[in-house]
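Asks: Structure incoming, see below.
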C-alpha cells in the first residue's frame, strides 16, 4: 500500500484549482461526468492520469455509484479501471477500496512554486506547438509508435490554454523536453524528460526554468508539477527551484 509522506491537511480550494487546471493542460480523449466524479479515458496512451476515475469537487459523494459506472465503461473498452485518489475524494473511497482488498500505488506529489523574474535561459528552444524534435525525444523515451504519437498530437491540439514546447539540445541534437500550459495565473509543467545519455548535465533544469519563465510572461504567478514520490533524481532538482509539495495522490486498480 502507498505510504503517504505528507499528512498535513491540504487546502481543498487550491487542490480543486490545480486539478481543474491539470485536466485542461493534460486532457483525456473522453471525460464522462459522474456526479462529483469524472471518468477519463484516452486511447493508445496508458498514462493513468488521463485514464482514471477522479473526484472533481471537495467532499465528492456517490463514490460507489461512480465506481460501478467507471468499471463498466472501462470493461467496454477492454482496459483496467484505475481510481486516482487525491484530497477532493475524502476518506471514504480509500476505506471502500481497502475493504475490497485493493491497495494503492504510484504515490505522486503535486508541487507548487512561486514565479519570479530570472536570467534568460540559453540553449533551449520554446515553440507554441509540438515539433519533430520534441516528439523524437519524448516518443523515443516511451517507445511510442505511430498510434501513440498520433494520440499525443490530438491531445495537444485539444488543449485550449496557451502551450509551450521546450527542447534542450546537446551537440546540436534534441536531448531533453518539457511542455507547459498557462492560464488562471497558473502554469502547469508536464512531460519533463531527458535522454538517458544526456542526464546529469543540467538540461532538465534548463527546461523547467525556461518553462517557468515562459509562464511568468503569460501572466502566471505560480508553477506546478507532479512528480512520483520515488523519483529521487527529480525531487532535489524541483526543490532547488522552490517547488513544495501541497498534496499527494495515488492509484487503485480494479
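The values are calculated or read from the model by the stated rules, or taken from the named source; none is laboratory data. Remember, it's a predicted structure, so these values are computed and weren't measured experimentally. As a convention, Cβ positions derive from the backbone with ideal geometry for all residues, glycine included, and neighbour counts pool all protein chains shown.
Asks: Between 157, 175, which is free of Cβ contacts under 8 Å to residues at least 40 places away in the same chain and touching a strand residue (DSSP E or B) at 6+ places or on another chain (Cβ under 9 Å)?
Replies: Values: 157 fails: touching a strand residue (DSSP E or B) at 6+ places or on another chain (Cβ under 9 Å).
Selected residue: 175, the only one of 157, 175 that is free of Cβ contacts under 8 Å to residues at least 40 places away in the same chain and touching a strand residue (DSSP E or B) at 6+ places or on another chain (Cβ under 9 Å).
Asks: What single numbered condition from (1) more than 17 Å from residue 24 (Cα to Cα); (2) in contact with a strand residue (DSSP E or B) (Cβ under 6 Å, 6 or more places away or on another chain); (3) buried (at least 23 other Cβ atoms within 10 Å of the Cβ); (4) in the same structural domain as residue 131 (by TED's automatic domain parsing) fails to hold for residue 208?
Replies: Answer for residue 208: the failing condition is (2).
Asks: Could you tell me which residue of the stretch 74-95 is surrounded by the fewest Cβ atoms within 10 Å (Cβ to Cβ), considering only residues that are within 11 Å of residue 254 (Cβ to Cβ) and more than 20 Å from the chain's Cα centre (by Cα)? Let's see the steps before the verdict.
Replies: Just the residues of the stretch 74-95 that are within 11 Å of residue 254 (Cβ to Cβ), to begin with: 74-75, 80-83.
Next cut, more than 20 Å from the chain's Cα centre (by Cα) only: 74-75.
Details: 74: 19, 75: 11.
Within the stretch 74-95, the match that is surrounded by the fewest Cβ atoms within 10 Å (Cβ to Cβ) is 75.
Asks: Listed residues 172, 230; which is under 29 Å from residue 82 (Cα atoms) and not assigned by TED's automatic domain parsing to the domain that holds residue 96?
Replies: Values: 172 fails: under 29 Å from residue 82 (Cα atoms).
When all the criteria are applied, what remains is 230.
Asks: While we're here: Sort out which residues of the stretch 99-123 are under 30 Å from residue 63 (Cβ atoms) and in contact (Cβ under 8 Å) with a residue 40 or more places away in the chain, and write them in order of number. I'd like the intermediate steps shown before the answer.
Replies: Initial filter on the stretch 99-123 (under 30 Å from residue 63 (Cβ atoms)): 99-112.
Answer for the stretch 99-123, where residues must be under 30 Å from residue 63 (Cβ atoms) and in contact (Cβ under 8 Å) with a residue 40 or more places away in the chain: 100, 102, 103, 104, 105, 106, 107, 108, 109, 110, 111, 112.
Asks: With the condition kept exactly as written, say whether any residue in the stretch 118-125 is more than 22 Å from residue 227 (Cα to Cα) and part of a helix (DSSP H, G or I).
Replies: No, the stretch 118-125 has no match at all.
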